[in-house]
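The values are calculated or read from the model by the stated rules, or taken from the named source; none is laboratory data. What you are looking at is a predicted structure, and each value in this text was computed from that prediction instead of being measured. A quick note on method: Cβ atoms are made from the backbone with ideal geometry, for glycine too, and the neighbour counts reach across all protein chains shown. These area figures cover heavy atoms from the full protein model, side chains too; ligands, DNA and RNA do not enter into them. Shrake-Rupley method; radii C 1.70, N 1.55, O 1.52, S 1.80 Å.
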Amino acid sequence: MQHLNVQAYALAAKDTSGVMFCQPIERRAPNKNDVLIDVKYCGICHSDLSEVRGEWPKPHIYPMVPGHEIVGVVKEVGSSVTKFKAGDRVGVGCMVDSCSDCRSCKRGLEQYCTGGGAVFTYNSLITDKKKINIKNHPHGEVTLGGYSTAITVKDNFVVHVPDSTPLEKAGPLLCAGITVYSPLVRYGAKKGGKGFKTGVVGFGGLGHMAVKIAKAMGNEVSVISRGTKKRKAALECGADSFIDSKSVDAMAKANGSFDLIINTVGVNHSLSPYMNLVGLDGTLCMVGVPPDSLSLHAFEVIGARKSFSGSLIGGIKETEEMLSFCAEHKIVPDIELINAQDVNKALTSLAKGHNDASRYVIDMKTLNKATTVAQVDVDPTEWRVNLPHLTFPKSALHQSHRSEDEVKVEEKLKIAA
């Protein structure tokens, strides 16, 4: 007997303006290894903003339903699922599938899958005919994220949310939490404990989680941010000190003093000032993703055997480890719960850096057929689309992001019509 697809509602961007609207979508009925989840909450990540605006050098497919900080309650499971049952509190992070056979996957590092690449929770195109469930693209199936009322995911990519973690605060742990936890463990912060000095560049959704987790590991933690606006919030969050990166004296005083710096900044900036703060055998690790390339001179690293690294979320096993660590240490993100109708306001605030150190979280019970998303004034000329030729369909490239020739052709076509 073939089950009917599940009807749901979602918040989607129709083009590179990134403006969100409410629209109906379909989720697949659970296959034998699937878990169908009633989504209760979904965090808003800076990645969501970059994706819906087409800022990253990768394909962008519209309509796009973002969201990879998903928590909810299991509604139904497939016949072969044993780890979950209806009513369980669960979460889904940045991935929903991988090959499971490559070296990375076998090491529990599914995010680095080399057997076709990880399938991300949204804006991934599935072309393998054996894996396509709902064809919503000429070449296959595009994944739709957690700004929605329901989602169906393979059980191996679903995690239990600890009972002690408030559900509305659990979502950001699945992106922001694991994104900083993984490099903190890899580069010695957890093992180093009290004798380890960690710096955190940027104090937003990622940054405030890095502070909380590094402090729970026993580190001496400093927040590094432009200006002093976030000093009070950083210290209240648990940071031992605050460094204004615009202060020449403050930066000079901290020169060479850190074992590890976690750089959470997602806008274009210079790396050199932060590499100067790294000490002998220390590491500057990027977890933020600016739109354009960044550069360092060899002399900035060879003089003290420094390392420049990057880190992408974490595997499923490490995500479960992180959730247990956070539950044990009573670590949760600072959030601002919003209604679905206010998603555009939240994204605009995030773009302007007005959300301080909290994470916006959408309450999905406010999303339904009758939801009217409040529209805001957005100026798409404030950013550029990276690789505009990879935007699909072509009509999803907002007029502000098209070449002058394309705009002229479009105007002629309108006149002719």
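In the stretch 4-47, the residue that is most open to solvent (accessible area, probe 1.4 Å) out of those that are under 20 Å from the mean Cα position of the chain (by Cα) and among the hydroxyl-bearing types (Ser, Thr, Tyr) is 41. Screening 58, 75, 130 for residues that are without any contact (Cβ under 8 Å) to a residue 12 or more places away in the chain, over 24 Å from residue 333 (Cβ atoms) and out of contact with any His (no Cβ under 8 Å at 6 or more places or on another chain) leaves exactly one candidate, 130.
Every residue, every condition in (1) on the phi > 0 side of the Ramachandran plot; (2) open to solvent by less than 70 Å² (accessible area, probe 1.4 Å); (3) over 24 Å from the mean Cα position of the chain (by Cα); (4) of a type in the set (A, V, I, L, M, F, W, C), yes or no:
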residue	(1), (2), (3), (4)
73	no, yes, no, yes
81	no, yes, yes, yes
85	no, no, yes, no
89	no, yes, no, no
96	no, yes, no, yes
103	no, no, yes, no
111	no, yes, no, no
117	yes, yes, no, no
123	yes, yes, no, no
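Scanning the stretch 257-277 for residues being open to solvent by 40 Å² or more (accessible area, probe 1.4 Å) and within 25 Å of the chain's Cα centre (by Cα) gives a total of 4. Restricting attention to the stretch 208-224, which residues are in contact with a strand residue (DSSP E or B) (Cβ under 7 Å, 6 or more places away or on another chain) and either surrounded by 19 or more Cβ atoms within 10 Å (Cβ to Cβ) or within 17 Å of residue 359 (Cα to Cα) (or both)? Residues satisfying the conditions are 210, 211, 214, 219, 220, 221, 222, 223, 224. Can you tell me which residues in the stretch 368-401 are open to solvent by less than 70 Å² (accessible area, probe 1.4 Å), part of a loop (DSSP other than H, G, I, E, B) and within 30 Å of residue 38 (Cβ to Cβ)? 368, 371, 373, 374, 376 - these are the residues of the stretch 368-401 that are open to solvent by less than 70 Å² (accessible area, probe 1.4 Å), part of a loop (DSSP other than H, G, I, E, B) and within 30 Å of residue 38 (Cβ to Cβ).
Pairs are defined by a Cβ separation below 6 Å, a sequence spacing of at least 6 or placement on different chains, a first member in the stretch 290-301 that is touching a residue at least 24 places away in the same chain (Cβ under 8 Å), and a second member that is open to solvent by 60 Å² or more (accessible area, probe 1.4 Å) and of a type in the set (S, T, N, Q); the pairs so defined are 290/268; 292/268.
Could you tell me whether residue 135 is over 30 Å from residue 244 (Cα atoms) and modelled with pLDDT of 95 or more? Spelling it out, residue 135 is indeed over 30 Å from residue 244 (Cα atoms) and modelled with pLDDT of 95 or more. Taking the stretch 285-335, which residues are among the basic types (Lys, Arg) and surrounded by fewer than 17 Cβ atoms within 10 Å (Cβ to Cβ)? Hits for the stretch 285-335 are 305, 317, 330. Filtering the stretch 243-256 for residues that are part of a strand (DSSP E or B), open to solvent by less than 10 Å² (accessible area, probe 1.4 Å) and not polar (S, T, N, Q) leaves an empty set. Looking at 187, 122, 112, just one residue is closer than 22 Å to residue 338 by Cα and at pLDDT 95 or above, and that residue is 122.
As for the stretch 194-203, it holds at least one residue that is part of a helix (DSSP H, G or I), modelled with pLDDT under 95 and over 23 Å from the mean Cα position of the chain (by Cα).
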